[in-house]
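Asker: To start, I am sharing the structure in question, which I have written as structure tokens.
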Amino acid sequence: MANTVTSSPTKTGTAPPHLNYLTENNTLKAWLTTVDHKRLGLMYLGAVMSFFFIAGALALLLRLELLTPKQDFMDSATYNKVFTLHGAIMVFLFIIPSVPAALGNFVLPLMLGAKDVAFPRLNLASFYVYCTGAVMALVAIIGGGVDTGWTFYTPYSTTTEGPVGLMAMAVFVLGFSSIFTGINFVATVHKLRAPGMGWFQLPLFVWGIYATALIQVLATPVLGITAVLMVMERAFHIGIFDARLGGDPVLFQHFFWFYSHPAVYIMILPGMAIISDIIPVFSKKTMFGYRAIGFSSVSIAFIGFLVWGHHMFTSGQSDLASAIFAFLTYLVAIPSGIKIWNWLATMYQGSIDLRTPMLYAMSFLLLFAIGGLTGLYLGAISVDIHLHDTYFVVAHFHYVMMGGTVIAFIGGIHYWWPKMFGKMYNEKLAAIACWLVFIGFNVTFLNQFMMGSQGMPRRYWTYLPEFQRYHVGSTIGSWILGFGLVMAAGVLLASLRKKEYDAGDNPWGARTMEWETVSPPITHNFEGQPVLRHGPYDFRVEPTPATVAGGRH
Amino acid sequence: MNRFLENLFLPPQASTHAKVVDDVFLFVTWVNIIFFIIVAAAAVFFCIKYKRRSANDRTPHVTHNLTLELVWSIIPLFIVMIIFFWGFQTYMVARIAPNDAFEVQATAKKWLWAFEYPDGTRSINELHVPFGRPVRVVLSSEDVLHAFFLKDFRVKTDVLPNRYTEVWFEATKPGEYVLQCAEYCGKDHSKMLGKVFVDSKADYDRFIAEGPADWKTMPPAELGKMTYEQAGCVSCHSLDGTKGQGPSWKGIYGQTHQFNDGTSQVVDENYIRQSIENPQGKIVKGFEGIMPTYQGLLREKQINGVIAYIKSLK
């Protein structure tokens, strides 16, 4: 294996096939019972991407129906179920697990120089709990579908027909998967860092995933409790949310957003974390304001717990509460802004190489800037009153969730793909797909900003004729976006047909530890325990293979 | 430029409050435009100017710069605080209705809006308000959550089943405006539309005298049925012959009613009208005289409608 410890940033030649985590013990049973974080990461990746494409296809159907104000091919009851599924699948089965469970699982131990996560069996359990939740959700869909919206607002959710209870329990179960992953990552970051790796030598991806894991552990139980209360309300009419029994429907919104607002940061922090790793590598320059970025992740996670009421400015909550929530909401803008400035400062005087992951990072930078800046409208309470529950909000959170998290996720996949599979994709085609996604996304959602502030409410199956031109634009954009995403997936998958590992161990010239082992990594990640010798973004030193302490294990 | 942005992003301004909100909106728009241009221009400029020339490029090792970091934290903090205070202050204006406001009660249910005016007049899916006065709408829901959204007035509130919420507005010009439900409420959420008519004094008086426009085209018996349900007849008079607080309406037309004072009368048009306008005049045997007068509460068309409706109940 001597050849496995030589690599250089520019090396693109082929390495002879070596036994690695993909090929060693490559049986179905071995995969299904694996406790290897890399295999689990790939299994998660396959699962979440499947749900991404299912929910994305539903979105295309919704956009097609909205091409004209009249009924095109779905009646309103079907439409309501489809938009509920689009939201619920995207949020609970795709975005929340996407970066942490798929990329985090694969990359985090490698970045720390660890053999695996702290609790490998818990990791496997987490995957099967996720599968259980996913099956429950699928059964609920097949068993008639749910029309509550992904937010399950009471009293609609406690009175409507359909398997709402099963869907809510699916969310409950999926929450546990999320909690397991969170606990695992917190323990891993605390206990399994390589010798010499202090908190301020962690790659920023680790900081982001760590902050996310804390939220997953602390906030998700509230979602579980809320789902259980809602199901009990449906089944036994206990009177927590039902006004006729002395309950309060607005209480549900407080419970729900107490989780679901921090969940927004569960979604976006890992996205920011990926970008914080891509930008220095492709600028070949050390991260500007490393500590500021690390602390901003933690402070976003903290403040994120205190702003849930900004989803409820029209709900009849007290004016004082609205004022406090709005004030705290604006505080989140500062650490988010700090990240953007730091990324730009990192690029300043750098050596910028616009390869595919960097293209996605730039795409993220612009889209997230729009997503973040349009949040300023929604924090101004009087303006929010006008914009609440319109397409403006739909566009805003798609810019943050899709333009932010999903673009970063896809960028991250392109970034770590050569490490995962040892094979490089066709970069020219991947870059074209990135441009299509960027253009399609903007055409789809810029239109939605305009129709929303013009007064088009969300979750409408039909609409006033004056809004049609925006809907037509948005629908056309969605086709470009959909095509771009399918193309990106096709380009990546096509690379797997290559016979040889042609990517090299460190194709991007990165300095973080996951690039110090072979591509694809061996089952135990490193030959022995690697030792940290330089910071994660220290481009004054040349990249070298892992230095091993204590010999082989 | 502001006019251009208004046309691009905002519906017509039709209330005093709309202008106030739009000013905040435009300010935030400018903040957005300026910051986005800074970010986008820097990103594009750096990508071109600092393009990688060779794999051996050397870059400065700059880890941080406290002054710069304070500047780009504190300046945005000031800007967002301005937006916060402005947004909150203008919100409070929208929360407190003037004391002399014209008040309408509104009830939402799947999937219609019902309005009740100070004189007891009711209308469905159309709200008439007099021009030149602030209007306060007090809302509640009979089932799930809804939201009362007047885009041209920039007002919105959720409508709840367990407590009252309210909005107020003062229109700046008479006309017809769209009311939309903005909180998802099920199958016909997107069809739960209404119209707000800001009427001149004469138009409003005509509305109160003649009732909503759709009454004119409604068959009398149907209007009678609606009146039966909305004016409260339903709580005492059954349609299936069961005895309530008052006699059932089933098949009474043409029957002879015996009264407490020993007299009797055939139930005809005149008798029904008399019973609505002066219920204490004749009390049917076996009942108590508890019915209030509806004189002045029901319009001619409604009384004729009720008569037609009773005739139709065989």
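The values are calculated or read from the model by the stated rules, or taken from the named source; none is laboratory data. If you're wondering where the values come from, they're calculated on a predicted model, not measured in any experiment. Cβ atoms come from the backbone with ideal geometry, glycine included; neighbour counts cover every protein chain shown. Just so you know, the surface numbers come from the protein's heavy atoms only, side chains and all, with ligands and any DNA or RNA stripped out. Shrake-Rupley method; radii C 1.70, N 1.55, O 1.52, S 1.80 Å.
Asker: Given DSSP loops and a limit of at most 13 other Cβ atoms within 10 Å, what is the longest stretch of chain A that contains no such trypsin sites (Lys or Arg not before Pro)?
Answerer: After excluding every exposed loop site, the longest remaining stretch is A:71-496.
Asker: Between segment A:529-545 and segment B:244-296, what is the C-alpha centre distance in whole Å?
Answerer: About 98 Å separates the Cα centre of segment A:529-545 from the one of segment B:244-296.
Asker: Using the structure shown, select from B:K243/B:K311; B:K195/B:K250; B:K19/B:K195; A:K29/A:K191; A:K339/A:K423 the pairs with a Cα to Cα distance greater than 24 angstrom.
Answerer: B:K195/B:K250; A:K29/A:K191; A:K339/A:K423
Asker: On to the next question. Treating cross-link reach as a plain straight distance, find the lysines whose alpha-carbon is under 18 Å from the alpha-carbon of A:K419, omitting any fewer than eight places away in the same chain.
Answerer: Partners within reach: A:K11, A:K38, A:K115, A:K498, A:K499.
Asker: In addition: From other protein chains only, count the Cβ atoms within 10 Å of every residue's Cβ in A:327-338, then give the mean.
Answerer: That average works out to 4.
Asker: Using a Gaussian network model on chain B with a 10 Å cutoff between Cα atoms, which of B:L179, B:L223, B:L70 fluctuates the most?
Answerer: B:L70
Asker: Hey, if we sort B:V44, B:V178 by accessible area with the 1.4 Å probe, largest down, what's the order? Before the final figure, lay out each step's value.
Answerer: On the way: B:V44 80, B:V178 40 Å².
Correct descending sequence by accessible area is B:V44, B:V178.
Asker: While we're here: Using alpha carbons only, how many degrees (0 to 90, rounded to 10) separate the axis of helix A:356-379 from the longest principal axis of chain A?
Answerer: Relative to chain A, helix A:356-379 is tipped by roughly 30 degrees.
Asker: When Cβ neighbours within 10 Å are restricted to other protein chains, what is their mean count per residue of peptide B:22-31? Walk me through the intermediate numbers first.
Answerer: Numbers: counts 3, 2, 6, 7, 0, 3, 9, 5, 0, 3.
For this peptide, the per-residue mean of nearby foreign Cβ atoms is 4.
Asker: I would also like to ask the following. Would you be so kind as to list the residues of segment A:282-300 that have their accessible area lowered by at least 50 Å² in the full protein complex compared with their chain by itself (1.4 Å probe)?
Answerer: Hits at the 50 Å² cut-off: A:K284, A:T286, A:F288.
Asker: Right, something else. With a 1.4 Å probe and all protein chains kept in place, how do A:M402, B:M92 rank by accessible area, largest first? Could the numbers behind the result be given before it?
Answerer: On the way: A:M402 25, B:M92 50 Å².
Ranked list, largest accessible area first: B:M92, A:M402.
Asker: Who wins for biggest fluctuation among B:I74, B:I83, B:I124 in a Gaussian network model of chain B, springs between alpha carbons below 10 Å?
Answerer: Result: B:I74 has the largest fluctuation of those listed.
Asker: What whole-number value in Å² describes the accessible area per residue of segment B:14-142 for a 1.4 Å probe?
Answerer: 50 Å²
Asker: Same structure, new question: Using the membrane-span-like helix rule (whole DSSP H runs, Cα extent along the own axis of at least 20 Å, mean Kyte-Doolittle hydropathy at least 0.5), which helices of chain B qualify?
Answerer: Long hydrophobic helices here: B:16-49, B:66-95.
Asker: Along the Cα→Cβ direction, 7 angstrom out, place labels at A:T27 and A:I142. What is the inter-label distance in nm?
Answerer: Using points 7 Å along Cα→Cβ, the separation is 2.9 nm.
Asker: Quick check: the distance between the Cα centres of segment A:131-165 and segment A:201-222, to the nearest angstrom?
Answerer: Distance between centres, Cα-based: 29 Å.
Asker: Is there a simple number for the mean count of other chain Cβ atoms within 10 Å of the Cβ of residues in A:341-348, and what is it?
Answerer: 6
Asker: I've got another one for you. Mind telling me which of B:W30, B:W249, B:W111 comes out most flexible in a GNM of chain B, alpha-carbon contacts under 10 Å?
Answerer: Per the Cα network of chain B with a 10 Å cutoff, B:W30 tops the list.
Asker: Still on this structure: Ballpark to the nearest 100 Å², how much total accessible area do A and B bury together, probe 1.4 Å?
Answerer: About 7400 Å² of accessible surface is lost on pairing.
Asker: Protein chains only, probe 1.4 Å: how do A:E500, B:E183, B:E166 rank by accessible area, largest first? The partial results should precede the final answer.
Answerer: On the way: A:E500 95, B:E183 10, B:E166 55 Å².
Largest accessible area first, the residues go A:E500, B:E166, B:E183.
Asker: How much area per residue is accessible in segment A:420-537 when the probe is 1.4 Å and only protein heavy atoms are counted (Å²)? The partial results should precede the final answer.
Answerer: Values: 4020 Å² over 118 residues.
In whole numbers, segment A:420-537 has 34 Å² accessible per residue.
Asker: Heavy-atom accessible area of A:L376 with all protein chains present, probe 1.4 Å, nearest 10 Å²?
Answerer: 20 Å²
Asker: Would you mind computing, in nm to one decimal, how far apart the modelled labels at A:T159 and B:E6 are, each placed 7 Å from Cα along Cα→Cβ?
Answerer: The modelled label-to-label distance comes out at 4.1 nm.
Asker: How high is the relative contact order of chain B, given as a whole-number percent (alpha carbon pairs under 8 Å, six or more residues apart)?
Answerer: Numbers: 482 pairs, mean separation 43.9, N = 314.
Computed value for chain B: 14 percent relative contact order.
Asker: Ignoring everything except DSSP H segments at least 4 long, calculate the 222 nm mean residue ellipticity for chain A; use -39,500 (n - 2.57) per segment, divide by total residues, nearest 500.
Answerer: Theoretical 222 nm ellipticity from helices: -20500 deg cm²/dmol.
Asker: Using alpha carbon centroids, what distance separates segment B:14-35 and segment B:155-220, in Å?
Answerer: Cα centres, segment B:14-35 to segment B:155-220: 26 Å.
Asker: Follow-up question, since we're still on this one. With contacts defined as alpha carbon pairs under 8 Å and 6 or more residues apart, what's the relative contact order of chain A in percent?
Answerer: Over chain A, the number comes to 21 percent.
Asker: Relative contact order of segment B:132-211: what whole-number percent is it, with Cα pairs under 8 angstrom and at least 6 residues apart?
Answerer: 28 percent.
Asker: Hey, what number do you get for chain B at 222 nm if only DSSP H runs of n ≥ 4 count, each worth -39500 (n - 2.57), divided across all residues, to the nearest 500?
Answerer: My calculation for chain B gives -12000 deg cm²/dmol from helical runs alone.
Asker: Continuing with the same structure: Tell me, what % of the accessible area of the protein assembly as shown is carbon and sulfur with a 1.4 angstrom probe?
Answerer: Solvent-exposed carbon and sulfur of the protein assembly as shown make up 65 percent of the total.
Asker: Round to the nearest 10 and give me the degree value, 0 to 90, for the angle of helix A:164-191's Cα axis relative to the longest principal axis of chain A.
Answerer: Helix A:164-191 sits roughly 30 degrees off the main axis of chain A.
Asker: Rounding to the nearest 10 and keeping the result within 0 to 90°, find how far the Cα-based axis of helix A:37-65 lies from the longest principal axis of chain A.
Answerer: Tilt relative to chain A: about 40 degrees.
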